[in-house]
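S.K.: Got a structure for you, questions after.
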Amino acid sequence: MPELPEVETTRRGIEPLVRNKLVDRVLIHNSSLRWPVPANLDSILSAQKVHSVERRSKYLLMNFDRGTLLIHLGMTGHLRICRSGEARRKHDHVELVFTDHSILRFNDSRRFGAIFWTEADPLLHERLVALGPEPMSELFSADSLFRASRGRKIAVKPFIMDAQIVVGVGNIYASEALFRAGISPVRQAGRVSRNTYERLVRSVREVLAEAIEAGGTTIRDFTDTEGRPGYFKQELRVYGRAGEQCNACGRVIKKARLGQRSTFYCPRCQK
Ligand SMILES: [Zn+2]
């Protein structure tokens, strides 16, 4: 499933290929994604120019003259740019054809992705308005975690994965960040000190930044055969390593279930 780093990698790959292009027409081959693709997308987008592609959480925000196209990749979605005449592939559900004849194709085999159009502030869209801060923004801080966690009995791992607390910290990144910060995933969020949250904020940012960087080095462009960024090229220190030795201390990495998710940790390094 594309996580925040993959979505950001997609944004960085796609934006220079679509910026300032004018939409000629939109073709919808299958509108039944997680939510229906707006049927009038062709009349909405025709003759509008792409100004920029931004990201909020796992949504891509493609800004046009009169509004914003919100794209969510769901479980299996990806975007790629094709030349005119290039054959459409199975699961290419939506195509934005530009006046220079290049085509942006949205492919999604499992169809959990979504495409919305809004002419209002996209950050106030119902899918986005309740989301917590971006992990790289100043709104995500030791203070914000400390305040939000007082009195909470929830374990720190599901706490940090809650999109109302901070967006984009999926299961892998939560496990890796907690390891780097030396925090046991089962510790009560309400008992973690401000200083310890300081370390966690740093390691969350570090882990995500490395994943984005890894994605950036593995994709040459979004016009290749797959159009997929290089997921999970990052070296993982605990995730998926149950039974192997911790690189830091040599103890065996453990696996547990926590909030319905697999959790990996080192019982010596994480307290
Ligand atoms: Zn260890």
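Quick note: the coordinates plus some simple rules give every number you see, no bench work behind them. Just so we're clear, the structure is a prediction, and the values are computed from it rather than from any experiment. Here Cβ is always computed from backbone atoms with ideal geometry, including for glycine, and neighbour counts include all displayed protein chains.
S.K.: For Arg56, which sequence-distant residues (separation of 5 or more, or a different chain) have an amide H within less than 5 Å of its own amide H, given hydrogens modelled in the peptide plane?
M.R.: So Arg56 has HN proximity to Leu61.
S.K.: On average, how much area does the Cα convex hull of the stretch 118-204 cover when viewed from any direction, in nm²? Provide the component values of the computation, followed by the final result.
M.R.: Values: hull surface 22.9 nm².
Dividing the Cα hull surface by four gives the mean projection, 5.7 nm².
S.K.: Using Cα atoms only, what is the angle between the long axis of helix 171-181 and the major principal axis of the chain, expressed in degrees (0 to 90) to the nearest 10?
M.R.: The angle comes out at about 40 degrees.
S.K.: Go ahead and run the numbers for FRET between Lys153 and Gln260, Cβ-Cβ distance against an R0 of 22 Å, rounding to 0.05. Show your work: numbers first, answer last.
M.R.: Values: r = 17 Å, r/R0 = 0.78.
E(calc), rounded to 0.05, equals 0.80.
S.K.: Rank these for me by crowding, Met1, Met62, Met161, going from fewest to most other beta carbons within 10 Å.
M.R.: Met1, Met161, Met62
S.K.: Across all directions of projection, what mean area in square nanometres is found for the Cα convex hull of the chain?
M.R.: Values: hull surface 58.7 nm².
Its average projected convex-hull area is 14.7 nm².
S.K.: Which of Arg180, Arg147, Arg19 ends up with the largest GNM mean-square fluctuation for the chain, with Cα atoms connected below 10 Å?
M.R.: Comparing Arg180, Arg147, Arg19 in the GNM, the peak value goes to Arg147.
S.K.: Is the stretch 29-84 best put as rounded, prolate or oblate by its Cα gyration tensor, with a ≥ b ≥ c the root eigenvalues, rounded for a/c under 1.5, and otherwise prolate when a/b is larger than b/c, oblate when not?
M.R.: Details: a/c = 1.37, a/b = 1.14, b/c = 1.20.
In terms of gyration-tensor shape, rounded.
S.K.: Continuing with the same structure: Suppose R0 equals 35 Å; then what is the FRET efficiency for Glu119 and His29 from their Cβ-Cβ distance, rounded to the nearest 0.05?
M.R.: On the way: r = 25 Å, r/R0 = 0.71.
Working from the Cβ atoms, E equals 0.90.
S.K.: Between the helical axis of 194-218 and the dominant principal axis of the chain, each derived from Cα atoms, what acute angle in degrees is found, rounded to the nearest 10?
M.R.: Around 40 degrees separate the two axes.
S.K.: Would you calculate the volume per residue, in Å³, of the smallest convex hull containing every Cα atom of the stretch 169-218?
M.R.: Numbers: hull volume 3.3 nm³, N = 50.
With only Cα atoms used, the stretch 169-218 gives 65 Å³ per residue.
S.K.: Please compute one quarter of the surface area of the Cα convex hull for the stretch 1-137 and express it in square nanometres.
M.R.: Numbers: hull surface 30.8 nm².
That works out to 7.7 nm², a quarter of the Cα hull's surface.
S.K.: Label the stretch 78-124 by shape, choosing from rounded, prolate and oblate, from the square roots a ≥ b ≥ c of the eigenvalues of the Cα gyration tensor; if a/c is under 1.5 it is rounded, and otherwise prolate applies when a/b is larger than b/c, oblate when it is not. Write out the running numbers ahead of the final one.
M.R.: Values: a/c = 3.54, a/b = 1.40, b/c = 2.53.
It comes out oblate by the Cα gyration axes.
S.K.: A further question on this structure: Mind listing the Cα extents of the stretch 82-229 along all three principal axes, in Å, largest one first?
M.R.: Cα spread of the stretch 82-229 along its principal axes, largest to smallest: 59, 35, 27 Å.
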